[in-house]
Amino acid sequence: MKKRKAEDFIYNSDSKLIRKIDRDTLTVLNSNYAKDKKNIYCFSSATGEGHRTIIVKADYISFTAMNEIYSKDNNHVYYFDKILENADPDNFKVLGFSYACDRKNVYYRSGIVQDADPVTFRHIGEDFAGDKNNIYFAGRKYSHAEPENFKYLGHDYCIAGKSIYCQSKLITDADVNSFKPLSFVFAVDKNKVYRYGIEFDQADPETFNALNDAYTKDNKKVYYESEIVKEAEPESFKALNEDYASDRKSVFYQKFIIKGADIKSFEVIENSYSKDKNHVYLCNHILTFADPGSFSVSGFGYSKDKRYVFFRENTTGADPETFESLGFCFGKDGRQIYHYGYPLKGADPESFRVYGPKSAEDKNNKYLFGKGNFTVKRKNKKREI
């Protein structure tokens, strides 16, 4: 799971919560929990809404983040931000990512695994688990196998009896003796290549190689996801990440050639940005005016070099020496605030704070953003911009 910084816990919360966060003392505990001098915060909620919440009943001194979904204090166990009812914090332990147990029960996320034996229960891999009596998948009894005829192969694949399954899905006609998972996406046996458990009939199983979850190749063809990269040469082809790749003749963005890219000096910067000695690229297009020697990505659509600040593919007019991204398509330089690359007239850069994609404020105004417009609130007055 992605490692989060303190700023991540501030962005994308509602403004009421953000005003409670003490930014100077905010400390990240792991990818999902943080605390400041007063409160414990959860990055995602148990309802799946993905917003930060305060764990209201948490005991600040004894609180411990056990992993990204389970935490506890002296009084309670928590699943995300909610109390896990009946769980005993004194002997609660995490098994893998989604499973846990105490003296009486086994848990899958927020639910009790029915009939599971806490003493012999073990996590096998991913969402597979077992005890002396049963195999479980995603917290439920796995009907396709008993412990004595089950074998976990890795990722989401297993042998159950005499058949191969991807999670709970039977892979028809797969050869049990030669089947090999290559990743969560791809697998192979002596006869076929499989993508998400479905036959990938374009590929040759004898020479198939999964370079990552997007790029694959055999001795005749290169593939991006399920499509053939027609111009690519398999022998020299290499993946640079899940969006960029190259062979001895060309550089590719997904399945498209980046025309004119210099292979020897080409490098991925981050996300959809890349560069060579001559140009900066956004996806498979040249980012006009960008200087590859001084270019850097600021985040949330913004980037800059020694001369310009860009929002996506456009220049903004902002000062690159003082510019910084504030999150959610906001940015600022020493003179003004920018939103989606355009100046936000009247906003004060010194006091401006972002409260998420729909709200911000400075010392004079509150800014509420909707579809196609925004509202500025100043004291008791309200005007449409």
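Say whether the condition of being modelled with pLDDT under 95 and surrounded by fewer than 21 Cβ atoms within 10 Å (Cβ to Cβ) is met by at least one residue in the stretch 307-319. No, that holds for no residue.
For the stretch 301-313, the criterion of being outside any loop (DSSP other than H, G, I, E, B), over 14 Å from F289 (Cα atoms) and in contact (Cβ under 8 Å) with a residue 24 or more places away in the chain is satisfied by at least one residue.
Just one of N86, N32 is out of contact with any helix residue (DSSP H, G or I) (no Cβ under 6 Å at 6 or more places or on another chain) and at positive phi; which is it?
Every option except N86 fails the conditions.
Candidates are the residues of the stretch 331-380 that are over 27 Å from the mean Cα position of the chain (by Cα), hydroxyl-bearing (S, T, Y) and at pLDDT 85 or above; the one that is nearest to V309 (Cα to Cα) is Y342. For first residues located in the stretch 346-358 and farther than 16 Å from K20 by Cβ and of a type outside the set (S, T, Y), partners that are exposed (fewer than 14 other Cβ atoms within 10 Å of the Cβ) and modelled with pLDDT under 95 and lie 6+ apart or on another chain with Cβ distances below 6 Å form the pairs D348/K363.
Could you tell me whether E384 is at pLDDT 95 or above and surrounded by fewer than 17 Cβ atoms within 10 Å (Cβ to Cβ)? So E384 fails the test.
Per-residue answers, yes or no, for (1) within 26 Å of Y157 (Cα to Cα); (2) surrounded by 20 or more Cβ atoms within 10 Å (Cβ to Cβ); (3) assigned by TED's automatic domain parsing to the domain that holds G154:
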position: Y194; (1), (2), (3): yes, yes, yes
position: A214; (1), (2), (3): yes, no, no
position: K217; (1), (2), (3): yes, yes, no
position: S236; (1), (2), (3): no, no, no
position: V251; (1), (2), (3): no, yes, no
position: F256; (1), (2), (3): no, no, no
position: I263; (1), (2), (3): no, no, no
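Scanning the stretch 41-67 for residues that are at pLDDT 95 or above and either surrounded by fewer than 20 Cβ atoms within 10 Å (Cβ to Cβ) or not small (G, A, S) (or both) yields D59, Y60, I61, S62, F63, T64, M66, N67.
Please determine, by comparing only the residues of the stretch 172-181 that are more than 15 Å from E126 (Cβ to Cβ) and buried (at least 19 other Cβ atoms within 10 Å of the Cβ), which one is farthest from the chain's Cα centre (by Cα).
As a first pass, look at the stretch 172-181 and keep what is more than 15 Å from E126 (Cβ to Cβ): 172-180.
After this cut, where a residue has to be buried (at least 19 other Cβ atoms within 10 Å of the Cβ) as well, the list is 174, 179.
Values: A174: 32, F179: 29 Å.
Top of the filtered list is A174.
The values are calculated or read from the model by the stated rules, or taken from the named source; none is laboratory data. In this text the structure is predicted, and so the values were computed from the model without any measurement. Positions of Cβ are generated from backbone atoms using ideal geometry, with glycine treated the same way; all protein chains shown enter the neighbour counts.
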